[in-house]
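The values are calculated or read from the model by the stated rules, or taken from the named source; none is laboratory data. Not measured: the values here are computed from a predicted model. Methodologically, a virtual Cβ is constructed for each residue, glycine included, from the backbone with ideal geometry; neighbour enumeration extends over all protein chains shown. Surface areas here come from the heavy atoms of the whole protein model, side chains and all, with no ligands, DNA or RNA. Shrake-Rupley method; radii C 1.70, N 1.55, O 1.52, S 1.80 Å.
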Amino acid sequence: MKLSMKWLADYTDVSDIDIKAYCDRMTDTGSKVEGYDVLAEDIENVVVGKIVSITKHENSDHLQICQLDCGEGELRQIVTGAQNVFEGAVVPVAKAPAKVPGGVTIKAGKLRGVASDGMLCSIAELGLTTHDMPGAIEDGILILNDVGMADAEIGADIRDVLMLKDTVVEFEITSNRPDCLSMIGLARESAVSFDRAWTLPTPKKPSVKNDGDSIDRYLNVEIREPELCYRYSARVVKNVKIAPSPLWLRMRLRAAGVRPINNIVDITNYVMLEYGQPMHAFDYACLDGSRIIVRCAAEGDEFVSLDNIPHTLDNTMLVIADEKKPVALAGVMGGLNSEITDGTATVVFESAMFKGPSVRVSGKKLGMRTESSSRFEKGLDRENTMPALDRACELVELLGAGEVVDGTIDQYPTKAEPYSLPLETERINRFLGVDLSEEYMAEILTKLECKVENGIITVPTFRDDLRCLNDIAEEVLRIYGYTKIESTPLSGTTTQGGRTPRQQYDVLLRDTLCGMGMSEAETFSFISPKYYDKIRMAEDDPRRVSVVISNPLGEDTSVMRTTAIPSMLEMLHNNFAVRNKDVKLFEMASIYIPHANAEELPDEMKRLVIGFYLSDAKDASGFYRMKGYIEALLAVGHTTGAEYAPCTTENVFHPGRCATVSVNGVQIGIFGEVHPEVAANYGIGAPTYVAQLDFDAMFEARIEVVEYAPLPKYPALERDFSFVCDEETPVAQLESCMKRAGGAMLESVRLFDIYRGPQIGEGKKSVSFAAMLRAAERTLTDEEADGAVKKILKRLEAECGAVLRS
């Protein structure tokens, strides 16, 4: 938002304040200043002059020698090549030495041997355009006679004559303060910030001819979408005279960064800048049926905006329509089919309040953002439509642009309800760390146009951002001054920080893996769906159903992973490609499991993934190394009773070198050697091993309270067994059977040998265990030990078909 300091003077006087001090204070009170610009600062020694005589240059066909009266008592000679000058013309004269925009310095000199003491200026050389100076030509000298300034004072500074002098302050207005997107809003903030009086002019009611003419004869308004159009106000102006706006209005628009067009359009822009209320003007002759209907567009409606760009609308977009067609996209831009032209005779002024999100969505869909839409998006004051409309009609009469027709249409289906809240002085003081009286707070709030009575604050309708104690405290503090808050010691109690049990378990696992020589890795959670093919995932595997990213960076990052194994294999491939030999990696990865209902957020689950490859292809210890890593993790995490079972259903693993890990009947992970085809897909030419463990299941399976037992007082008896069983019988099954049969007396079982050979028989193997037997309260006898051994042998034969090797 650009603020003209000259325009600001209409409401409050801050002329005695240095511009830098003004900017600093406004920033301190919440209206952040981006910078300021002194207009026409680069124009020096350019005055109004009158051409007294013109003679041809003797040595040139196109040059002319002008004698000018510049109010100096004697004539000044200037040579010019412009062909539109004439005797009696009043023109801008750059008296040497002079400066004009663009860093150009004008010096006295000679042109074809004739002295020239300056330069006659065109509009471009003054930094102006034909919009700023209608009636001037672009390729010639600015003739002030042509722009209604023939009586300009000779010798006067051209900056004063053309009203170019001004200082413009640019503000960055936050989205919660749309009231400051106006001259009035910034004038209010300026007055309160500097404790100055300010005046809000009340628009004069337009004088109406008592000729029986009424707006009811011209227009009817219907709001079909009251939830999107809160208020619609309109007035009609007849006998319109389209002409350029007066200089003062054009220069104010120019200072605010708005291009002057004509008096009617300029009035709507001027009111928008002054009141912050966007307005629009329709050519009444273009409204079919003399009706305005506020409705949603029909699907596929065609609409050409004022910038002559065609748009296809959908049924979510709010439009202003007549009986046949849309004539404006509500809150964004008018239509070319109802544009104000030189032939316009009757105008309909619109001042409405539309729902901000609706305007935002419509503009975004069509790639349109205007001064109007940027204001509506933030939410405006519904009570502002009528004052803005009255101001527009006042300007119509002031400029002689037409006659205001009697009557106003004001459809207001969704009224703004006043909002009140208590003024809690003690809480505000405690919250801010200050000691301010209730009277002082009330004084500040009253200056900001809040009404304070009996400890109750009634918020003005233009301040939608004041809704709780914190908002009121901020208003008080920003005016009081942030720099006035004194430093005080912290008060109150603090809580001791610390990790949650889950975080502690996470750190424990990471530290343990690092202690085993592994490196932690981090990968993206989004992958390519082709990764599922690379790990040989079955086509009907439910894990192929992934969350699809709507705006991916590319196909390689288009879905959220449901397994972290492909990401680990990618990292192992990268290391193998650069011939890193000793690579052992782990990652605490997240996977995302979608719901059947796409509207629900997916379940985010944590997985611990471990991966390594063996540089020596003859080394067959990888499977058992991985099992050892997992056993170490479970041990350090106080998880007991883990069971391992062969697995042949996971295509990513070698069918004979894969196992699942379960605790208390709940599977917590899977590990094994990567299938040779998968390893080849990733270009890894070495035996590769991967494990994926369910972090949450591991955490739930741990022993929360560890109980320690004293060292045993009584000796143990050790018995060694060698059993013959089927080759397919897992060792874990034998071990589990022995523990169940031995009961409390069996302290431990340890596998120490597996033998296969012709002596055992085909399809058989010999498995040898060392069993430790002990009683906690006494020394075991041989008879007790032998009895326990018999139970173990009997159950092994019954459940596993294992017999004692002879």
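Before moving on, here are some points about what is shown:
- Residue satisfying all of: in region 337-360; closer than 20 Å to Val237 by Cβ and assigned to a loop (DSSP other than H, G, I, E, B); most open to solvent (accessible area, probe 1.4 Å) among these: Asp342
- The listed residue being free of Cβ contacts under 8 Å to residues at least 60 places away in the same chain, of a type in the set (A, V, I, L, M, F, W, C) and over 26 Å from Asn262 (Cα atoms), out of Ala156, Ala108, Ala136: Ala108
- Within region 151-208, if we keep just the residues that are open to solvent by less than 70 Å² (accessible area, probe 1.4 Å) and of a type in the set (Lys, Arg), the residue that is nearest to Val404 (Cα to Cα) turns out to be Arg188.
- Considering (1) open to solvent by 50 Å² or more (accessible area, probe 1.4 Å); (2) within 27 Å of Ala256 (Cβ to Cβ), the lone condition that Pro413 does not fulfil carries the number (2).
- Index of the failed condition, Lys764 passing every other in (1) in contact with a helix residue (DSSP H, G or I) (Cβ under 7 Å, 6 or more places away or on another chain); (2) of a type outside the set (Asp, Glu); (3) open to solvent by 60 Å² or more (accessible area, probe 1.4 Å); (4) at pLDDT 90 or above: (1)
- Region 124-150 - residue that is in contact with a Gly (Cβ under 9 Å, 6 or more places away or on another chain) and within 16 Å of Ala94 (Cα to Cα) and, of those, most open to solvent (accessible area, probe 1.4 Å): Glu125
- Count - residues of region 659-674 that are assigned to a strand (DSSP E or B) and either open to solvent by 10 Å² or more (accessible area, probe 1.4 Å) or among the small types (Gly, Ala, Ser) (or both): 9
- Glu631 vs. criteria in a helix (DSSP H, G or I), surrounded by fewer than 18 Cβ atoms within 10 Å (Cβ to Cβ) and among the charged types (D, E, K, R): yes
- Which numbered condition Ser806 misses (of (1) more than 29 Å from Asn664 (Cα to Cα); (2) open to solvent by less than 90 Å² (accessible area, probe 1.4 Å)): (2)
- First in region 445-467 and farther than 21 Å from Arg382 by Cα, second anywhere and small (Gly, Ala, Ser) and surrounded by 14 or more Cβ atoms within 10 Å (Cβ to Cβ), Cβ under 6 Å, 6 or more apart: Val452/Ala442
- Single condition Asn597 does not satisfy, out of (1) in a loop (DSSP other than H, G, I, E, B); (2) touching a helix residue (DSSP H, G or I) at 6+ places or on another chain (Cβ under 7 Å); (3) under 25 Å from Val545 (Cα atoms): (2)
- Meets criteria (over 20 Å from Met183 (Cβ atoms), out of contact with any His (no Cβ under 9 Å at 6 or more places or on another chain) and buried (at least 22 other Cβ atoms within 10 Å of the Cβ)) for Ile292: yes
- Single condition Val405 does not satisfy, out of (1) open to solvent by 70 Å² or more (accessible area, probe 1.4 Å); (2) touching a residue at least 24 places away in the same chain (Cβ under 8 Å); (3) more than 25 Å from Ile184 (Cβ to Cβ): (1)
- Of the strands (runs of 3 or more DSSP E) lying entirely inside region 194-295, those containing at least 2 residues that are in contact (Cβ under 8 Å) with a residue 40 or more places away in the chain and out of contact with any Gly (no Cβ under 9 Å at 6 or more places or on another chain) span 220-223, 229-238.
- Residue within region 80-94 that is free of Cβ contacts under 8 Å to residues at least 40 places away in the same chain, within 22 Å of Met163 (Cβ to Cβ), buried (at least 20 other Cβ atoms within 10 Å of the Cβ) and of a type in the set (A, V, I, L, M, F, W, C) present: no
- Hey, Arg259 within 26 Å of Met133 (Cα to Cα), open to solvent by 10 Å² or more (accessible area, probe 1.4 Å) and not aliphatic (A, V, I, L, M) or not: yes
- Qualifying position, being of a type in the set (Lys, Arg) and farther than 24 Å from Leu585 by Cβ, among Arg536, Arg543, Arg499: Arg499
- Test result for Thr648, part of a loop (DSSP other than H, G, I, E, B), closer than 23 Å to Val731 by Cβ, out of contact with any Gly (no Cβ under 6 Å at 6 or more places or on another chain) and open to solvent by 40 Å² or more (accessible area, probe 1.4 Å): yes
- Scanning region 45-78 for residues that are touching a residue at least 60 places away in the same chain (Cβ under 8 Å) and outside any strand (DSSP E or B) gives Cys70, Gly71, Glu72.
- Of all residues in region 306-336, exactly one satisfies the criterion of being touching a helix residue (DSSP H, G or I) at 6+ places or on another chain (Cβ under 7 Å), surrounded by fewer than 16 Cβ atoms within 10 Å (Cβ to Cβ) and closer than 25 Å to Asn263 by Cα, namely Asn308.
- Which numbered condition Asp511 misses (of (1) open to solvent by 80 Å² or more (accessible area, probe 1.4 Å); (2) touching a Lys or Arg at 6+ places or on another chain (Cβ under 9 Å); (3) of a type outside the set (A, V, I, L, M)): (2)
- Elements of type strands (runs of 3 or more DSSP E) contained in region 704-806, each with 2 or more residues being basic (Lys, Arg) and touching a residue at least 24 places away in the same chain (Cβ under 8 Å): 764-773
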